[in-house]
Every structure is written in structure tokens, then in C-alpha cells.
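Just so it is clear, none of the values below were taken in a lab; they were calculated from the coordinates. These numbers were taken from a predicted model, which means no experiment stands behind them. No Cβ is skipped: glycine too gets one built from the backbone with ideal geometry, and neighbour counts run over all protein chains shown.
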Amino acid sequence: MNKAILVGRLTRDPEVRYSQGDNATAVARYTVAVDRRFKRDGEPTADFIPCVVFGRSAEFAEKYFRQGMRVSVSGRIQTGSYTNRDGVKVYTTEVIVEEQEFAESRAESEANRASYGRQQAAPAPSPSVDAGDGFMNIPDGIDEELPFN
């Protein structure tokens, strides 16, 4: 089985192009910076994974994904090669995205973007977590119905 799951931050806004022909399809490319769990001196602390997404999902990425945003991506790893202008064979590895979604709330995203100096936003409130069981405490005063009984 070929399945890759990534959670990380976009290194830049997605780049979208359209295929040629009668049924032009959107093709979005972006890179996800994924932190390494174990860090050693002198080694990189993150991996930069190129991702490709097609169709309506590509249009979604173009419209809503922005640099610095934390996203979750799943898909398959695809390798390939081509010969560049200098006659050198170049090998490629990328994730062909099957599913993509936000991995943080809009408030968290805006707070992170503000820390990069792109816009000003109030920091997101941090949820209260009970250290005993790892579940988040639900704040008082929420009038919404919970999605379970």
C-alpha cells in the first residue's frame, strides 16, 4: 500500500496552473514543511515535501490555503525522473494529494500569520486540557448542541 499522511505548514501560497485541452483541469503545487520528531545537532529540523493536487481540490487550495497555514494532507508518494536542459537526469519525489484539510482553526492561523508579520490578529485562546485523561474541557456557556448523545 502506498499511503502518505503529512501534517505541517505551507512554505508558500499554492501555485495553480490549468492543463491544456477541452477539459482544462486545475493543478496546484505546494510544499509542506514537516517538523522532524527527533532533532540532532547539525541536521535539518524539518523536511520539505512537495505536493500536487488536481481538480476541485486544487481550486480549493488556491482559494483557501496560504503560506504558514498548518494543513493535513494524505495521498500517495510518486517518483519520477526527467532530463534537464544540461542533460542531467533529475529524480523527483512528490505526494499526489487525495485529501487535504486545515489542521488549525482560522483564529490560530491568523495568529500565526501575525507572528510572521503578515497581518495583526489577536492570539488564539489556548484550550484547557485535563492532564489526567488528555481531553479538552468544554467551556461553560456554549449553547451549541454536542454532536453525540
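Results, tabulated for the structure shown:
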{"item": "Those trypsin sites (Lys or Arg not before Pro) in the stretch 1-64 that DSSP places in a loop and that have at most 16 other beta carbons within 10 Å", "result": "LYS3, ARG12, ARG36, ARG37, LYS39, ARG40"}
{"item": "Over 17 Å [Cα-Cα, the stretch 40-83], rounded percent", "result": "51 percent"}
